[in-house]
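The values are calculated or read from the model by the stated rules, or taken from the named source; none is laboratory data. Model, not experiment: these values are computed from the prediction. What goes into the accessible areas is simple: the full protein's heavy atoms, side chains included, and nothing from ligands, DNA or RNA. Shrake-Rupley method; radii C 1.70, N 1.55, O 1.52, S 1.80 Å.
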Amino acid sequence: PPSPAVRNFTFNFTITNLHFTADMATPNSKKFKSTEKVINHYVEPLLKKSSIGSAYIGCKITAFRSKKDRDNTGVDAICSYREEPSDPKFSRVTVYQELSNMTNGITKLGHYSLNSQSLYING
């Protein structure tokens, strides 16, 4: 049988209690890497519990962005999953709703506070 295709989706949100610093804009900086690790620590279990959980491979943060004069930090990630013919089709609406429920209406991610209008998923 053919091996399953790997598909990506973008995943964006804004953290309102993470002060943006210039070194977060540099993907190889210590600050970028440590922040990515912490964010993934909170994001991974949620996506594993979602409807794509069994097919979920992982997320790579591609950028942190300054929002609201550096008071908030935008997070851009690309997440991957295996597309098995037997699995349910990826639905960005379903995943969005599941993440919304698991983050208290898009307000909490671990010890971070989220902008409830900022979650964006694009299949």
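For the range 12-17, just list the computed ³J(HN,Hα) in residue order, Karplus coefficients 6.51, -1.76 and 1.60, θ = phi - 60°, integers in Hz, with x standing in for Gly and Pro.
Values per residue, Gly and Pro as x: 10, 7, 10, 9, 8, 10 Hz.
Of the accessible area of the range 5-122, with the probe set at 1.4 angstrom, what percent is carbon plus sulfur?
50
Ignoring ligands, DNA and RNA, what accessible area per residue does the chain give at 1.4 Å, in Å²?
Ligands and nucleic acids excluded, the result is 57 Å² per residue.
Using a Gaussian network model of the chain whose springs link C-alpha atoms within less than 10 Å, name the residue from 63, 77, 22 with the highest mean-square fluctuation.
Between 63, 77, 22, it is 22 that shows the largest mean-square fluctuation.
Report the residue, chosen from 85, 45, 27, that carries the largest GNM mean-square fluctuation when the chain is represented by alpha-carbon nodes joined by springs under 10 Å.
Comparing 85, 45, 27 in a Gaussian network model of the chain, the most mobile one is 85.
Of the candidates 84, 98, 44, which one comes out as most mobile in a Gaussian network treatment of the chain with C-alpha springs shorter than 10 Å?
The residue with the greatest mean-square fluctuation here is 84.
Along each of the three principal axes of the Cα atoms of the range 18-73, give the extent in whole Å, ordering the values from largest to smallest.
Projected onto the principal axes, the Cα atoms of the range 18-73 cover 37, 23, 14 Å.
Which angle from 0 to 90°, rounded to the nearest 10, does the C-alpha axis of helix 92-102 make with the longest principal axis of the chain?
Between the helix axis and the principal axis of the chain, the angle is about 60 degrees.
Give a residue-ordered list of calculated ³J(HN,Hα) values for the range 106-121 (Karplus: 6.51 cos²θ - 1.76 cosθ + 1.60, θ = phi - 60°; whole Hz; x for Gly, Pro).
Values per residue, Gly and Pro as x: 6, 10, 9, 9, x, 8, 8, 9, 10, 6, 5, 9, 9, 6, 9, 10 Hz.
Give me the tail of P(r) for the chain as a percent: Cα-Cα pairs with distance above 18 Å.
Value for the chain (Cα pairs over 18 Å): 51 percent.
For residue 49, go through the lysines and keep the ones whose alpha-carbon is under 25 Å away, minus same-chain ones fewer than eight residues off.
Here the lysines satisfying the reach criterion relative to residue 49 are 33, 37, 60, 89, 108.
Whole angstrom only: what separates the Cα centroid of the range 6-32 from the Cα centroid of the range 38-117?
For the range 6-32 versus the range 38-117, the Cα centre distance is 13 Å.
Residue by residue through the range 73-89, which ³J(HN,Hα) values in whole Hz follow from phi under the Karplus form 6.51 cos²θ - 1.76 cosθ + 1.60 (θ = phi - 60°), with glycine and proline marked x?
10, x, 10, 10, 9, 10, 10, 10, 8, 8, 9, 8, x, 7, 6, x, 5
At 222 nm, what value in deg cm²/dmol follows for the chain if DSSP H runs of at least 4 each add -39500 (n - 2.57) and the sum is divided by all its residues, to the nearest 500?
The per-residue figure over the chain is -8500 deg cm²/dmol.
Which residues' amide hydrogens lie under 5 Å from the amide hydrogen of residue 66, considering only partners 5 or more residues apart or on another chain, with H built in the peptide plane?
Residues meeting the amide H criterion: 74.
Any idea what angle helix 30-49 forms with the longest principal axis of the chain, computed on alpha-carbon atoms, 0 to 90 degrees, nearest 10?
40
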